[in-house]
Amino acid sequence: TARRSLPSRADVLVVGSGPVGATFARELYDAAPWLSVLMVEAGPRLTDSLGANVRNLDAGNRRRAQDLATRWTGQETSDTGRAGGRLAARPGTFLLREAGITGDDDQTGMPAAALSANVGGMGAHWTCACPKPGGSERIGFLEDSFDDAFDRACTLLGVTTEAFPDTDTSRELRRTLSNLFDAGRPADRRVQPMPLACTPTGHALPHWSGVDTVLGPLARGQHERFTLAAETVCRRLLHESGRVSGAILADRHSNETHLVRARFVVVAADALRTPQLLWASDIRPRALGTHLNDQPQIVSALALRDTAAGPSTAADDRRELLSGVLWIPFHEPDFPFHTQVMQVGTTPIEIPGADVQHRPVVTWGRFTTKDIRAEDRVEFSDTELDEFGMPAMTIHYGLSRRDRDTIARAERDMIAQAAAIGDFFPGSEPRLLPAGSSLHYQGTVRMGEVDDGTSVCDRDSRVWGFENLYVAGNGVIPTPTACNPTATSVALAVLASRHLAGQVSMGAR
Ligand code: FAD
């Protein structure tokens, strides 16, 4: 079992094997390869290479991997986010609460909140969009170090803007979008190819980055001081007087427990389960779990206008019709939105019936920023446990009046601007998805400049009042963002890893 192979001591314990936990393992390996790192992951391993993106697998193996990740839940999953009139989690994820939508308001309580529990976390399933935050999305007090860390994050994730070949279709689409959106924007915030974490293959689709990309040599099991224990839940951190000394781990199946001693602990267990573990460990700063921030998501699909390309000749090579993935960056004050224009097949949201063989279809989707409010929060039970033996979670969440105005404006604009691009695919007019659909939850262990009770960690991601406990992941982001958050969280983890490595070299016990 995982338990038997577990060490009793590690220099660094990393909880969670998603892209952010992996960033610590990789950065510490590069900076201080003599450190022993134990990474624990509640869910199973899905692929030979640790945490590989299952979107690279052929359809049958992909379904098997997705099924292995969520079979235990008994939940149905669906590429459309719906199954038989009910909400359904995206493949590879499971809903926090499996429930029909009650009443008309699917924006309250975050009914679509979903999680992954497998080696690689959501990073084994993600779409790989890695936009850079701009304007008020950015963390003001990190301006001196963020850009450099973001560059490193892009290297770790393998980000490129050349994922797709330039085609007549993509050039024409980009021209149309530039005419609509570029006026008044600085060069780096104009319409451009989406930075994507992937490697071009010369074929229609690139090879998508997963957590194995971030882990690099560690993914191939070549480093004896790195151990990844799958199906192992970290139940509780042990600590005294602001120092963490280790953790209680539990075998996911047998429930057998194991004590591990650690000099440093990093909790990178996603925006809901990172605060959950702190709570379970009686580490409960006032802001823990509060300021929960999601990105309202509006989706639609467009059949593009006739392009010079015309229909494809070869059935197995639709290259001329590829439009790639384009990005219209968040830009204030007029555009508090992040927009992705993605060719069908690159998005996690399926468009039933789209015949891309003859006319390119793109998703025309938008995330908006949201008012950050302390009362939007995840709450933990003192009596009930979830399936992993952790405090059961309840989400309190809603939209403000201003959020509703922003969303209404986004929808209006999408309809007006679409006319220049194409025709709404039948049944795919813009619609606001149920809250939680973005899978971009943030803020629950937020970073702050000072310890004033509104944040959980400092600029180095160290929990206030603790010498050797770090938190990581989208939960650390304190700002209202519209752009996909993973690259930002990896950048913050790069900064935190550097801090941790500095502590080691200063001889911290
Ligand atoms: P996760 O990847 O969620 O990993 C956390 C891991 O911690 C999980 O595997 C969990 O099982 C484990 N864990 C939790 N609690 C414990 C515990 N107590 N003990 C042991 N292990 C524990 N983001 C983008 O930026 N761009 C995109 O294009 C994009 N597309 C997406 C598409 C899909 C279909 C999905 C599912 C997600 C997408 N995301 C995207 C979101 C992205 O995947 C996440 O932001 C990212 O994976 C977060 O990384 P993380 O390491 O913080 O957490």
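Rolling a 1.4 angstrom probe over the protein heavy atoms, how many square angstrom per residue are accessible across the chain?
Here the per-residue accessible area is 39 Å².
What distance in nm separates the simple spin-label points at Asp282 and Thr201, each placed 7 Å from Cα in the Cβ direction?
Those two pseudo-labels are separated by 5.2 nm.
Compute the distance in nm between two label points, each set 7 Å from the Cα along the Cα-to-Cβ direction, one at Arg305 and one at Asp151.
4.0
Give me the distance in nm between label points sitting 7 Å out from Cα along the Cα-to-Cβ direction at Asp58 and Ser505, one decimal.
Distance between the two pseudo-spin positions: 4.8 nm.
Rank-order 58-68, 290-300, 197-207, 130-140 by packing density, defined as the average count of other C-beta atoms within 10 Å over each peptide's residues, highest first.
290-300, 130-140, 197-207, 58-68
Once you sort the root eigenvalues of the Cα gyration tensor of the range 32-158 as a ≥ b ≥ c, which label holds: rounded (a/c under 1.5), prolate (a/b larger than b/c) or oblate (the other case)?
It is oblate, given that a/c is not under 1.5 and a/b is not larger than b/c.
Which length gain, in nm to one decimal place, applies between Ile248 and Ala408 when the Cα-Cα distance is subtracted from 0.36 nm times their residue separation? Present the calculation step by step, with values, prior to reporting the outcome.
Details: separation 160, 0.36 × 160 = 57.60 nm, distance 4.73 nm.
Gain in length upon complete extension: 52.9 nm.
Starting from the Cα gyration tensor of the chain, take the square roots of the eigenvalues, sort them a ≥ b ≥ c, and report rounded, prolate or oblate (rounded when a/c is under 1.5, otherwise prolate if a/b is larger than b/c, else oblate).
Taking the square roots of the gyration eigenvalues as a ≥ b ≥ c, the chain is prolate.
Helix 168-181: angle to the longest alpha-carbon principal axis of the chain, degrees 0 to 90, nearest 10?
80
Note the full-extension length gain between Glu429 and Glu384 as 0.36 nm times their separation in residues minus their Cα-Cα distance, in nm to one decimal.
12.1 nm
Could you check how much of the accessible area of the range 117-269 is carbon and sulfur, as a whole percent, using a 1.4 Å probe?
The computed percentage sits at 47.
Please find the FRET efficiency linking Glu240 to Glu76, where r is the Cβ-Cβ separation and R0 is fixed at 51 Å, and quote it to the nearest 0.05.
0.65
Any chance you could give the angle, 0 to 90 degrees and rounded to 10, that helix 486-505 forms with the longest Cα principal axis of the chain?
30
DSSP beta bridges in the range 1-120, what fraction antiparallel, as a percent rounded to 5?
Details: 4 of 9 bridges.
That works out to approximately 45 percent antiparallel.
What is the helix-to-structure angle for 146-157, meaning the angle in degrees between its Cα long axis and the longest Cα principal axis of the chain, kept from 0 to 90 and rounded to the nearest 10?
Approximately 80 degrees, to the nearest 10.
The values are calculated or read from the model by the stated rules, or taken from the named source; none is laboratory data. Not measured: the values here are computed from a predicted model. Cβ atoms come from the backbone with ideal geometry, glycine included; neighbour counts cover every protein chain shown. These area figures cover heavy atoms from the full protein model, side chains too; ligands, DNA and RNA do not enter into them. Shrake-Rupley method; radii C 1.70, N 1.55, O 1.52, S 1.80 Å.
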